[in-house]
Amino acid sequence: MNFAVSDEMEALISTIRRFIATELKPLEQEVEDKGYLEPTKAKEIFQKSKALGLYAMNVPEHLGGAGLTALETMMMEEQFGHTTDILVRRAFGNVYEVLFGANELQTQRWLLPTVQGERTGSIAITEPEAGSDAAAIQTRALKTPTGWLLSGRKHFISDGLYSDYFIVSAVTDPSAGSRGISLFLVDKDYPGVTVGKDQMMMGLRGTSHIELFFDEVALTDDNLLGEEGSGFKQILTTLGRVRLAQVGARSVGKASHILDLMIEYAGNRYQFKKPLGEFQMVQQMIADSVIDVNAARALLYRAAWEVDSDREDRDWISMVKVHAAEAANRVADRAVQIFGGMGYCKELSIERYYRDVRISRIYDGASEIHRSVIAKDAMKSGRALFDSMPIGGWR
Ligand SMILES: Cc1cc2nc3c(=O)[nH]c(=O)nc-3n(C[C@H](O)[C@H](O)[C@H](O)COP(=O)(O)OP(=O)(O)OC[C@H]3O[C@@H](n4cnc5c(N)ncnc54)[C@H](O)[C@@H]3O)c2cc1C
């Protein structure tokens with residue numbers, strides 16, 4: 001077992017860190033105050049990041065990305081957690097791995113322009129009546145002699161106002177349950193696609209979360225992503241990696257950034273003629289946060305190793321999703337406490353972090369859903385999770 005980071009990875013992490021500190025951090029408060037990122041500034045950070053080769057790095061090399069391993073991707077995503085999701089999207093891109101299964105035509109029309117930063121897509125699965133139960137969607141794609149007719153609605157679609165296409169889940173065979181769900185690539189300007197309201201959120205300022213309506217949108221087989229009926233499986237497999245990166249790794253990064261601020265404040269803020277950090281009850285909050293961050297990071301790297309080793313990774317991803325998200329929430333809560341009134345005051349970033357991290361326990365599968373995955377898997381395989389050699393050996 002070797003925990004050393006390679007020289008290349010160290011260099012990449014330093015570059016990302018510097019970029020975030022110099023180019024993105026200064027924009028955070030402005031985005032928070034205005035509720036959006038100026039298009040000129042979005043373009044500027046995109047161009048600078050692209051020039052440094054930092055755009056769309058999660059993509060395989062042959063498609064124009066950096067060809068990083070899952071472990072390397074998580075180290076990179078952990079750094080992304082130091083800033084806000086909207087700035088990460090604009091500066092470093094957001095290419096969903098489900099697109100790697102695109103055919104040649106789809107690769108040219110959707111995937112490659114996304115890798116280049118010429119197009120942006122969102123994933124549209126959730127519906128008002130189907131959230132945690134993603135197989136209960138009502139959106140239908142009816143087969144026609146020329147292709148498909150898509151009808152239904154979605155909501156909470158992240159970055160939907162900015163996106164120009166959507167990866168949409170729809171029922172293609174109502175009699176087949178989750179095996180009757182397929183994915184479609186749907187451009188926003190197709191006739192029959194309507195954007196509804198932007199649903200205002202507690203945090204994550206600067207981006208949109210929209211309703212989408214589809215009224216007999218005419219699609220062809222060119223819009224069908226992967227095999228007909230494989231949509232749910234594609235969602236489970238590829239979105240697991242997105243979850244590990246965008247929730248797991250970014251939660252670790254966010255928690256570690258908040259912890260840094262907490263330690264600095266505890267050293268500089270004096271009460272009763274002593275720095276706060278000399279009070280044992282404050283030390284306990286710092287110690288618990290250090291343990292939370294490092295435990296979450298260790299779990300994240302282990303899960304990434306499972307992915308890289310082509311092992312069954314679903315329960316590991318769920319463990320990271322629950323633990324890293326909840327650790328970040330605990331750390332943010334302790335930070336508000338240590339910062340006292342300033343932690344609750346909008347003059348500092350702590351109250352924003354507190355609001356921003358809350359969603360990590362809900363989206364991409366609520367903690368309760370992931371806990372049931374972990375429990376069912378543990379009961380099925382009788383796996384001793386803390387044993388380096390699980391009962392029955394490695395799978
Ligand atoms: C800011 C934000 C961004 C989002 N971005 C996207 C996006 O880009 N694309 C997209 O498709 N969706 C997106 N979503 C939707 C998100 O994935 C769902 O909100 C999430 O899956 C939960 O679904 P729900 O909100 O309908 O909650 P529900 O399914 O109604 O669940 C509510 C609560 O009930 C409990 N619960 C539910 N089922 C169970 C169970 N089986 N066992 C125990 N407890 C249970 C959990 O505590 C859960 O939090 C986003 C949501 C938000 C808020």
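Just a few scattered comments:
- Test for M319: is it surrounded by fewer than 21 Cβ atoms within 10 Å (Cβ to Cβ), away from the ligand (no atom under 16 Å from the Cβ) and either on the phi < 0 side of the Ramachandran plot or outside the structural domain of D33 (by TED's automatic domain parsing) (or both): no
- Applying the condition of being part of a strand (DSSP E or B) and of a type in the set (S, T, N, Q) to segment 139-196 and asking which residue is farthest from the ligand (Cβ to nearest atom) yields T144.
- Segment 321-339: number of residues that are without any contact (Cβ under 8 Å) to a residue 24 or more places away in the chain and farther than 25 Å from R371 by Cα: 1
- Take the conditions (1) away from the ligand (no atom under 16 Å from the Cβ); (2) buried (at least 16 other Cβ atoms within 10 Å of the Cβ); (3) among the small types (G, A, S); G53 misses just one of them, which is (2).
- The one condition in (1) modelled with pLDDT of 95 or more; (2) closer than 27 Å to R140 by Cβ that R243 fails to fulfil: (1)
- Which numbered condition V217 misses (of (1) outside the structural domain of V373 (by TED's automatic domain parsing); (2) under 22 Å from G101 (Cβ atoms); (3) surrounded by fewer than 16 Cβ atoms within 10 Å (Cβ to Cβ)): (3)
- Scanning segment 197-225 for residues that are outside any strand (DSSP E or B) and touching a helix residue (DSSP H, G or I) at 6+ places or on another chain (Cβ under 9 Å) gives M201, M202, G203, L204, R205, T207, D222, N223.
- Pairs with Cβ under 6 Å, 6+ apart, first in segment 89-107 and among the aliphatic types (A, V, I, L, M), second part of a helix (DSSP H, G or I) and at pLDDT below 95: V98/Q234; V98/T238
The values are calculated or read from the model by the stated rules, or taken from the named source; none is laboratory data. In this text the structure is predicted, and so the values were computed from the model without any measurement. Counting neighbours? That spans all protein chains shown, and the Cβs are built from the backbone with ideal geometry, glycine included.
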